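There's a structure below that I have some questions on.
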Amino acid sequence: MIQFWQGNDCCSTDNSILLQRESLMKQFFLLLICLSLLSSCNDEVQKPEKLFSKEQMVDMIYDLTILEAIKVNNPIFLEDKNIDPYTYIYKKYKIDSLQFVQNNKYYASDIKEYAKIYEKVQQRIEQNKSEVDTLLKKESSKKSPPISKDSVLKIKKKALKNLDRERILKQ
């Protein structure tokens, strides 16, 4: 997962880009909730034949949210790999689009439970974001400090002494 975020210039420490991504994810959440609310206006939603657990729904929505955020922020990344977010989800979880829509509609019919699902997704995103931020800070702190002229001279002197010792030992 870390390579995924760090590879191909899709990760930036620029705060404005991070804020923009968070804003887009929130907008995506709101859009899904609104669509679900509109579709759940029927009297009663039937339970799907193959009902996914709430945790499976959290996993699917999380993956879909991440893929959609990548699609918005770096569309070339997914295009180069020929990845469609929804097709990827269907293959990964071995489901079809109808199963996903039916389950999404079923869970959206109970707005309190649906909100809990999205809260878990949001928590996971925030947790992963903080983990990535921590790793990025560690990576940036691993960069060596600039070398002064004095330290370069010391290194050269040590290297010369080592060479002189080796020459003496060879003789």
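Within region 34-73, can you find the residues that are open to solvent by less than 90 Å² (accessible area, probe 1.4 Å), part of a loop (DSSP other than H, G, I, E, B) and modelled with pLDDT under 90?
Selection gives S40, V45.
Identify all residues within region 96-114 that are in contact (Cβ under 8 Å) with a residue 40 or more places away in the chain and under 17 Å from S53 (Cβ atoms); write none if there are none.
Going residue by residue through region 96-114, those that are in contact (Cβ under 8 Å) with a residue 40 or more places away in the chain are 99-100, 102-109, 111, 113-114.
Q99, F100, Q102, N103, N104, K105, Y106, Y107, A108, S109, E113, Y114 - these are the residues of region 96-114 that are in contact (Cβ under 8 Å) with a residue 40 or more places away in the chain and under 17 Å from S53 (Cβ atoms).
Pick out the one residue from K138, K94 that is loosely packed, with under 12 Cβ neighbours inside 10 Å and modelled with pLDDT of 95 or more.
Values: K138 fails: modelled with pLDDT of 95 or more.
After ruling out the rest, the residue left standing is K94.
Return yes when F29 is open to solvent by less than 100 Å² (accessible area, probe 1.4 Å), part of a loop (DSSP other than H, G, I, E, B) and either modelled with pLDDT of 65 or more or under 13 Å from Y106 (Cα atoms) (or both) and no when it is not.
Details: open to solvent by less than 100 Å² (accessible area, probe 1.4 Å): yes; part of a loop (DSSP other than H, G, I, E, B): no; either modelled with pLDDT of 65 or more or under 13 Å from Y106 (Cα atoms) (or both): yes.
The answer is no for F29.
The values are calculated or read from the model by the stated rules, or taken from the named source; none is laboratory data. None of the values given here were measured: they were computed from a predicted structure. Note that we place each Cβ from the backbone using ideal geometry, even for glycine, and neighbour counts take in every protein chain shown. Surface accessibility is based on the protein's heavy atoms, side chains included, excluding ligands, DNA and RNA. Shrake-Rupley method; radii C 1.70, N 1.55, O 1.52, S 1.80 Å.
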